[in-house]
Amino acid sequence: MSAQTDIRRLTAPDIRARKGGEPIVMLTSYHAHTARLVDQHADVILVGDSLGMVMHGMESTVPVTLDMMILQGLAVMRGSKRALVVIDLPFGAYEESREQAFRSAARILKETGCGAVKLEGGARMADTIRFLTERGVPVMAHVGLTPQSINALGSFKAQGRDRADWPVFLADAKAVADAGAFSVVVEAVAEPLGREITQAVAIPTIGIGASVACDGQVLVLEDMLGLTPWSPKFVKRYGELGPHIAKAVETYAQEVRSRAFPGPEHTYAEKKPAK
Ligand code: KIV
C-alpha cells in the first residue's frame, strides 16, 4: 500500500539535475505558516540552524540541538507540499563520527519525513558525506563561511578575500561533490571564488553572499523580509515587515486602551445570516 498525494515533492535528484540549468530558488523557513507561503515559489526550503539566532535570539548557531531541528522541521513539513525540505544537522550532532552523523540524519529523516539533510564542512566532512549518501541519506554540503565554526573563526566575515586561500575552498567544494553531496551551499566568499567553485564542481552550488553565477541562491527568510534587526551586508531586503508589525501592534494597543477594539459582538454580528 502506498500513500498517494496529488502534488509530488521535489527530490534531491531533481535538484542535482538542475546543475547549469534553471536557477534553484531556496529560502529558509522554520514554521508551518511561512513554509506554506514559501512553498508556492521556492524549490528548496531549508530548515536552517539559523533558527537559533532568528527565532531564539541566540548569539550563534552553536547551542541549537537536534530536537529543536526536528520540531521545526516537522512544522515546515506540515506547511509545505511541493518544495524539497532540507534540515540542518546542528553543531555536535555529526562531527564526532560517521556513525553519529548517520544516527542524527536518520532521526531527522524518520521523524520529520523531510528529503535531505545539510551539514557544514568541506574536505574534513567528505568521509562522513560518503558514508551517509551510500546509506540513503541525501546530503547538501555547506562550504565557505561555516557559521557553526564561529568559535574557531572568530567572526562571521567573508572568506577567500585573499586569492592565496582559494585552493583550500576549491578543494573543499570538490571533496564534497566527489563524496556524493547532491548540492553545496557556498556562503560568504569573494565573488570570483564563488564563480570559480561553480565552474569547478559537477553539482549545483547554492550561493548566499557568494556569486550571481551560482546555480541557485538562498536567503534567510526573516532577513529578506526585514524582520531581523541586523542582517549581513549582502542581504537584499525584499520587504520591511518589522516596521509594519510594530505599527499594527501599536494600533491594536491604542484600540484596546481606548475601548475601540472590535469585540466578539462585532464579529458575530457580521457573521449572522441574513433573514
Ligand atoms: O542555517 C541557515 O539558515 C543556513 C543558511 C544561511 C544557508 O545555513
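So here's what we get for this one:
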read-out	value
Qualifying aspartates and glutamates (Cα of each under 20 Å from Cα of K247; at least 8 residues distant if same chain)	E222, D223, E255
Within the range 118-227, GluC sites (Glu not before Pro) in DSSP loop having at most 10 other beta-carbon neighbours inside 10 Å	none
Mean separation of Cα contacts under 8 Å (6+ apart) over length of the chain, as relative contact order %	16
Spatially proximal aspartates and glutamates relative to K110 (Cα-Cα < 19 Å; intrachain offsets below 8 disregarded)	D49, D67, D88, E99, E134
Cross-link pairs beyond the 22 Å C-alpha cut-off, checked among K19/K233; K81/K236; K118/K236; K81/K118	K19/K233; K81/K236; K118/K236
Where labels lie 7 Å past Cα in the beta-carbon direction, separation of R16 and Q100 in nm	2.7
Within the accessible area of the range 163-275 (1.4 Å probe), percent carbon and sulfur	60
Separation between Cα centres of the range 85-141 and the range 56-75, rounded to whole Å	16
Most positive-pole-ward Cα, L241, V185, M224, against dipole of the range 163-249 from beta carbon charges	L241
Per residue solvent-accessible surface (Å²) - the chain, probe of 1.4 Å	53
Ranked by how many other beta carbons lie within 10 Å on average, peptides 28-36, 97-105 from highest	28-36, 97-105
Selection from V76, V47, S97 lying farthest towards where the dipole of the range 21-102 points positive, charges on Cβ	V76
Summed side-chain charge close to V137 - residues other than V137 whose Cβ falls under 15 Å, Lys, Arg +1, Asp, Glu -1	+3
Gyration tensor (alpha-carbon) shape descriptor, the range 3-224, a/c threshold 1.5	rounded
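The values are calculated or read from the model by the stated rules, or taken from the named source; none is laboratory data. These figures come from a predicted structure and were not determined experimentally. Every residue, glycine among them, receives a Cβ derived from its backbone with ideal geometry; neighbour counts consider all protein chains shown. The area values use the complete protein model at the heavy-atom level, side chains included, leaving out ligands, DNA and RNA. Shrake-Rupley method; radii C 1.70, N 1.55, O 1.52, S 1.80 Å.
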